[in-house]
Amino acid sequence: MPFELEHDWQASLATPRPRIGETAKTRLLLLLCFLWLVLGLIGHQPWKPDEAQTISAVKHLLQGGSWIIPSVAGVPTLQNPPLYYLSAAAGAWLLSPWLSMHDAARLVTGLWMALTLLMVGMTGREMWGKGEGRQTTFIFLGSIGLFFPAHLLTAEIAALAGYAMAFYGLALAHRRPWRAAPLIGCGIGIAFLSTGLSAVEILLLTAAALPAMFPHWRRKSYFTSLATGLAIATPWLVLWLFAVWRQSPDLLHTWLVSGKHVLDDNNLLYFARTLSWYAWPALPLAAWSLWHYRQRLLQRPQFQLALVFFLATLLLLGLGSDSRDILALPLLLPLAVMGGAAIEKLQRSAASALDWFGIALFGTLGFLLWLGWFAMMSGLPAKLAERMHTLSEAYVPHFDWKIFLAALGLTLIWWLVVFKTNKRSNRAVVTDWAVGITLVWGLLTTLWLPWLDAAKGYHGMYASMKQALPAQYACLTSRGMGVSQRALLDYYLNIQARPIETSQRAECDLFLVQDEKRHATGAPGPDWKLIWQGKRPSDRRERYWLYQYIPAQ
């Protein structure tokens, strides 16, 4: 049987649940979830930093590069193992006749996210009972920090699917140990082959801490599923590590020992501050759930699992050397699951306050997005239109009926779901929040996507540089260029820059400099001629100068 929990919200203390329109509302919400998943996956260039490096790795795979060690801008790198790159390359290969390489590859992110949402919903159902999986999914889907990275070319999304799969396996271990085992094993394998050892450490620490701390987890069913799951995970780990060792033992050694420090208080504080906005509405709902069940909190296996996973993830993030918002994605899983227990336990006043806060927040953001789009199209209000042009100078306004109608349809659906459905249930809190997130993301990826892409993309700048390239040249040395910029140079122009920081000398006949200065920096020598300079139109920092070596006669 599933975890034992007092489902007392189903008794006299439950808030009434609407009967009229529930089926229609569910269908609308499923439609919005689908739109949330697919909107923004296509229609824009690769954006730095994550997408730039990913698309370069995908390009090299499609050109016959190593399947074992990914290459970014022509340089073998083990920043991440190859699973996500391989899946993205497969998507690009299958869909390349119809879509550009980056759009086709990015669709694979949607598949990984769909798997994640399925695992989150199954976990919610397993832990809190039938009917609660949908609410848990909506809490997770509605997280403010999720919607942007969930639509990018980034390996962390595949790792998130692995985390969610293993988490569901642990929740299922007591009731269905043999079904849980492959979920645990494959989840560990997917997470490891997506982002590396940190994922394995988090999941193994969670699995080991549960029986060490709580008697409920010292049962034969749990140890059976865990042992079998680890046996299933072993080939995922060992085969790839062995292949890397055979191909480049030095690179493997560097990767294994890099990225870990003693506990860093600054990292812990960074992720704690990030969660204060990143994890809404999961964070306040999880906090209420912990408060409501506080008297027997640690006697409940659902909270034991969620809290141990959360603390293990936060601890190991604090041990890491990297502080990026996207690394906090696994923390959303236990928060969303704990928040799923709070829906029917919220007091009506608190539920109404949270609901109206979400409606006001997303309604205001939706209005501002429409206002900004109107300013871009019409030039009114003039000051706003001027500001929009300053922030994305390369954007040329163009009215598209298809985009307009899609955005209008999203807005009308939000209005109908939020204001025209029966609101006698606490579940309106998470459903309205999920609808609101979908509205904002939908408007960003319809009305504003061309404007955003013009500001963030590098295609126009590199196209300008291509026109200045000589007909014949041997290679290009770079100075001051970031990894993302070199990756996009490789993707757009098929030029693999050789950083002078590595070679210590300008060994090629082209020399590309990235700097923040407004005027040309010094050439490498007297025989170098400036043949191009440029930048992205709205970029106030990055500037580029291209020199060609022309020896004196």
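Does segment 152-172 include one or more residues that are of a type in the set (A, V, I, L, M), under 20 Å from residue 49 (Cβ atoms) and assigned to a loop (DSSP other than H, G, I, E, B)? Looking for residues that are of a type in the set (A, V, I, L, M), under 20 Å from residue 49 (Cβ atoms) and assigned to a loop (DSSP other than H, G, I, E, B), one finds at least one in segment 152-172, hence yes. Just one of the numbered conditions (1) touching a Gly at 6+ places or on another chain (Cβ under 6 Å); (2) of a type in the set (Asp, Glu); (3) under 23 Å from residue 71 (Cα atoms) is not true of residue 132: (3). What's the number of the only condition in (1) of a type in the set (Val, Ile, Thr); (2) without any contact (Cβ under 8 Å) to a residue 60 or more places away in the chain; (3) farther than 30 Å from residue 75 by Cα that residue 477 fails to meet? Of everything listed in (1) of a type in the set (Val, Ile, Thr); (2) without any contact (Cβ under 8 Å) to a residue 60 or more places away in the chain; (3) farther than 30 Å from residue 75 by Cα, residue 477 misses just condition (3). Close Cβ contacts (under 6 Å, 6 or more residues apart or on different chains) running from residues in segment 121-142 that are under 19 Å from residue 305 (Cβ atoms) and in contact (Cβ under 8 Å) with a residue 60 or more places away in the chain to residues that are among the hydroxyl-bearing types (Ser, Thr, Tyr) and in a helix (DSSP H, G or I) comprise 123/168; 124/136.
Listed residues 87, 66, 100; which is at pLDDT 95 or above and surrounded by fewer than 24 Cβ atoms within 10 Å (Cβ to Cβ)?
Checking each option against the conditions leaves just 87.
Identify all residues within segment 523-553 that are in contact with a Pro (Cβ under 7 Å, 6 or more places away or on another chain) and among the polar types (S, T, N, Q); write none if there are none.
The one that is in contact with a Pro (Cβ under 7 Å, 6 or more places away or on another chain) and among the polar types (S, T, N, Q): 548.
Residue 255 meets all of the listed conditions (1) surrounded by fewer than 19 Cβ atoms within 10 Å (Cβ to Cβ); (2) at pLDDT below 90; (3) under 22 Å from residue 71 (Cβ atoms) but one, namely (1). Taking segment 173-275 as the region of interest, the helices (runs of 4 or more DSSP H) fully inside it that hold 3 or more residues being under 25 Å from the mean Cα position of the chain (by Cα) are 177-195, 197-213, 220-247.
Given the criterion at pLDDT 90 or above and either buried (at least 21 other Cβ atoms within 10 Å of the Cβ) or under 29 Å from the mean Cα position of the chain (by Cα) (or both), identify the matching residue among 487, 468. Sole residue among the options that is at pLDDT 90 or above and either buried (at least 21 other Cβ atoms within 10 Å of the Cβ) or under 29 Å from the mean Cα position of the chain (by Cα) (or both): 487.
Is it the case, given these coordinates, that residue 354 is crowded, with 21+ Cβ neighbours inside 10 Å, farther than 30 Å from residue 399 by Cα, touching a residue at least 40 places away in the same chain (Cβ under 8 Å) and not assigned by TED's automatic domain parsing to the domain that holds residue 116?
Yes; evaluated as a whole, the condition is true for this residue.
The residue of segment 415-456 that is farthest from residue 345 (Cα to Cα), among those that are among the charged types (D, E, K, R) and crowded, with 21+ Cβ neighbours inside 10 Å, is 432.
Go through segment 388-403 and report how many residues are within 15 Å of residue 537 (Cβ to Cβ) and either surrounded by 12 or more Cβ atoms within 10 Å (Cβ to Cβ) or charged (D, E, K, R) (or both). Summing the residues that are within 15 Å of residue 537 (Cβ to Cβ) and either surrounded by 12 or more Cβ atoms within 10 Å (Cβ to Cβ) or charged (D, E, K, R) (or both) in segment 388-403 gives 8.
Each residue in segment 300-345 was checked for being over 21 Å from residue 204 (Cα atoms) and free of Cβ contacts under 8 Å to residues at least 24 places away in the same chain, and 1 pass.
The values are calculated or read from the model by the stated rules, or taken from the named source; none is laboratory data. In this text the structure is predicted, and so the values were computed from the model without any measurement. No Cβ is skipped: glycine too gets one built from the backbone with ideal geometry, and neighbour counts run over all protein chains shown.
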